[in-house]
Amino acid sequence: MREKLIVLVGPTAVGKTKLSIELAKHLNGEIINGDAFQIYRGMDIGTAKVSSEEANGVPHHLIDIRNPGDNYSAADYQRDARQTIHEIAGRGKLPILVGGTGFYVKAAVYDYHFPSGGSNPAYRADLEELAQSEGAEALHTRLRAVDPVSAARIHPNNLVRVIRALEVFHETGRRFSEQEYEKKLTPLFETVFIGLTMNRDLLYQRIDSRIDQMVDQGLLQEVCSLYSQGLRDAQALQAIGYKEFFPYFENQCTLEQAVDQLKRNSRHYAKRQFTWFKGQMNVHWFDMGEALNHFSQTAVEVIRYIEEQFSFY
């Protein structure tokens with residue numbers, strides 16, 4: 001029998017952390033982080049990493065497993081997440097994968113194989129140098145010219161995947177998108193997909209409010225500490241919540257402008273997250289707007305739905 005797995009997805013600030021902990025407590029579960037940047041140590045405030053008080057004794061996995069100067073790929077996450085799912089299920093617990101990094105979640109849960117071949121370290125280094133000199137958009141423009149499907153799916157700031165797509169095309173003559181989506185993917189586990197949504201205006205208000213709280217909690221100091229370690233160009237520091245402060249440190253904008261840019265980027269990211277999950281996974285959606293005042297009732301509805309799907313008795 002395949003292991004049972006809950007996947008809880010949705011845009012930033014929609015309430016995934018609180019609900020996932022409630023699900024874990026009621027369903028004898030343990031939580032697996034599905035956010036690409038919560039894996040890094042020292043990136044706590046900007047990634048909204050769960051605190052020990054919030055966790056309330058519920059085990060969380062794949063958090064703080066790398067230093068911010070380390071590289072960590074979707075393939076690495078696929079390996080680690082699947083191993084963690086097997087370990088949790090082997091202890092008789094229910095794995096609950098929670099996150100907003102859609103490609104990481106997809107790679108872990110589905111029968112997904114990364115494109116093979118097309119490795120050229122010298123060409124990759126040339127692309128990285130071009131990105132530094134001309135900016136990420138220059139590479140994304142190249143990708144749009146040779147593989148518009150991949151360009152539409154990969155954000156310009158996701159340099160790792162943009163470079164990989166260009167490298168594969170350069171070496172194999174095949175589009176990255178053709179290798180990625182040439183077959184229908186199926187979940188490896190007996191999976192229930194839960195999605196959380198919310199009225200857009202309300203969600204944007206929550207995002208703005210949360211960022212203000214992050215700043216009050218010391219976000220600027222957290223980013224400055226990492227920046228001062230010479231990590232400006234590290235993969236980890238490309239996360240939303242960190243890179244927006246670089247112009248401020250370099251006297252190119254005011255702190256207020258940096259915070260406003262962070263809010264805009266976070267709102268745009270939330271929109272992309274919702275669109276991605278809606279199009280990529282068979283998700284059953286729950287509106288969290290009502291849950292702001294009736295959280296317990298919403299949690300009960302989600303738990304009931306999961307029990308029905310798994311035929312728990």
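Coordinate-derived values only; no laboratory data. Everything quoted here is computed from the prediction, not taken from an experiment. Reconstructed Cβ throughout: ideal geometry from the backbone, glycine too, with neighbour counts over all protein chains shown.
Quick notes on this structure:
- A dipole drawn for the chain from +1 and -1 charges on Cβ atoms has a positive end, and of ASN251, VAL192, TYR77 the residue lying farthest that way is VAL192.
- Helix-derived mean residue ellipticity, 222 nm - over the chain, DSSP H n ≥ 4, -39500 (n - 2.57), to 500: -16000 deg cm²/dmol
- The stretch between SER52 and ASP212 holds 55.5 nm of extra length on full extension. This uses 0.36 nm per residue minus the Cα-Cα distance.
- Computed about its Cα centre, the charge dipole of the range 187-232 is approximately 120 debye, with only Lys, Arg, Asp and Glu carrying charge at their Cβ.
- At R0 = 35 Å, FRET efficiency that the Cβ-Cβ distance of PHE114 and ASN293 yields, to 0.05: 0.20
- Within the range 121-180: Cβ-based charge dipole about Cα centre, in debye rounded to nearest 20 (Lys, Arg +1; Asp, Glu -1): 220
- Summing +1 for each Lys or Arg and -1 for each Asp or Glu among the other residues whose beta-carbon sits under 14 angstrom from that of GLN309 gives -1.
- This model, with +1 at the C-beta of Lys and Arg and -1 at the C-beta of Asp and Glu, gives the chain a dipole about its Cα centre of some 700 debye.
- Prolate/oblate/rounded label for the range 116-170 (Cα gyration tensor, a/c 1.5): oblate
- For the chain, alpha-carbon Rg over 2.2 N^0.38 Å: 1.01
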